[in-house]
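This report concerns only the one structure given below.
Bear in mind that the values in this text are calculations on the coordinates, not laboratory data. All values derive from a computational prediction rather than experimental measurement. Glycine also receives a Cβ, built like all others from the backbone with ideal geometry; neighbour counts cover every protein chain displayed.
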Amino acid sequence: MQEITKHFVVCHVDAPGQQAGASQFPQGFQYPSMDLLAAMLPSVVQHFGFKYVIGIGVGAGAYVLAKFALIFPDLVEGLVLINVDPNGKGWIDWAATKLSGLTSALPDTVLSHLFSQEELVSNTELVQSYRQQIGSVVNQFNLQLFWNMYNSRRDLDINRPGSVPNAKTLRCPVMLVVGDNAPAEDGVVECNSKLDPTNTTFLKMADSGGLPQVTQPGKLTEAFKYFLQGMGYMPSASMTRLARSRTASLTSASSVDGSRPRACTHSESSEAMGQINHTMEVSC
């Protein structure tokens, strides 16, 4: 990953109150909706003087970044969306969430959103680690507010171009990532069906569980590197056989090497190295 990050400025963004050691919000605090969280991101971009960003988000963070790109497309160069669900929550989902909240502790409820049933039953070391972090590092009151708001989200309301009149979709290159049999698998597959196939890459990772960025970091890093090269970045970076083989794990209706919203190739010449590119990671 260092081969990638040395070419970029990395900005990590936590949702309000979700960072380690955050103070508890007062009773009655109105937590911002997912739409409002997306609307907050331009101030972060402006604060650091970024012209545009390549966003990386997981779960709720991926949803927020997708919403951000829909509202402010000129600020987003590309997106890596891991475990994104483009669908809102209906009444049945809302009732199921409420019932789950009554019968399960919050950490267990969140874990069921992150890991497959097989991983939870096996109670792997990774599951135990996340249970400890969720239960002790993040303020539980704040987390509950965020969880409630995420489960009140609306549809992203995107459609593949040409499928409906005036279809709205993500304009930038997108890499969708999900683990095989992950809880988010159906949502990511549906999201893929609603995006422009000429600038979408779909990566379903076998044997990676619910968090492929944790269980298969090497493979995901190579795929990310290839995605960036398709956008014109890092043309001289070395590639492994994993990234060169585009038939095993990487699947897409079309190549990411298709048309780019910004028609430019980013050279790594001595002049270009002075222009540091920017990536934003949203954690939720």
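Evaluated on segment 1-84, the Kirkwood hydrodynamic radius is 14.0 Å, with distances taken between all distinct Cα atoms. In terms of surrounding Cβ atoms within a 10 Å radius of their Cβ, 4, 54 rank from fewest to most as 4, 54. Excluding same-chain neighbours fewer than eight residues apart, the lysines reachable from residue 89 by a Cα-Cα span under 22 Å are 67, 98, 168, 194. Fully extending the segment from residue 40 to residue 125 would add 27.1 nm, taking 0.36 nm per residue of separation and subtracting the current Cα-Cα distance.
Each of 65, 203 was scored by other Cβ atoms within 10 Å of its Cβ. Arranged with the fewest first, they read 203, 65.
For a straight C-alpha distance cut-off of 25 angstrom, the lysines reachable from residue 6 (same-chain residues fewer than eight places away being disregarded) are 51, 219, 225. Ranked by the mean number of other Cβ atoms within 10 Å of their residues, highest first, the peptides 10-21, 106-117 come out as 106-117, 10-21.
Close amide H contacts of residue 13 (hydrogens built in the peptide plane, cut-off under 5 Å, sequence separation of 5 or more or a different chain): 281, 282, 283.
Using the Cβ-Cβ distance between residue 136 and residue 171 with R0 set to 25 Å, the FRET efficiency works out to roughly 0.05. Residues whose amide H falls under 5 Å from that of residue 84, counting only those 5 or more places apart or on a different chain, are 59, 177, with hydrogens built in the peptide plane.
Pairs of alpha carbons in segment 33-74 separated by more than 10 Å make up 70% of all such pairs. Judged by the gyration tensor of its Cα atoms, with axes a ≥ b ≥ c, segment 108-177 is prolate; a/c meets the 1.5 cut and a/b is the larger of a/b and b/c.
The phi torsions of segment 192-206, fed into the Karplus equation with coefficients 6.51, -1.76 and 1.60 and a -60° offset, translate into couplings of 4, 6, 9, 9, 5, x, 6, 9, 10, 10, 10, 10, 9, 9, 6 Hz, rounded to whole numbers, with Gly and Pro shown as x.
Neighbour counting of Cβ atoms within 10 Å sorts the residues 190, 222, 185, 77, fewest neighbours leading, into 190, 185, 222, 77.
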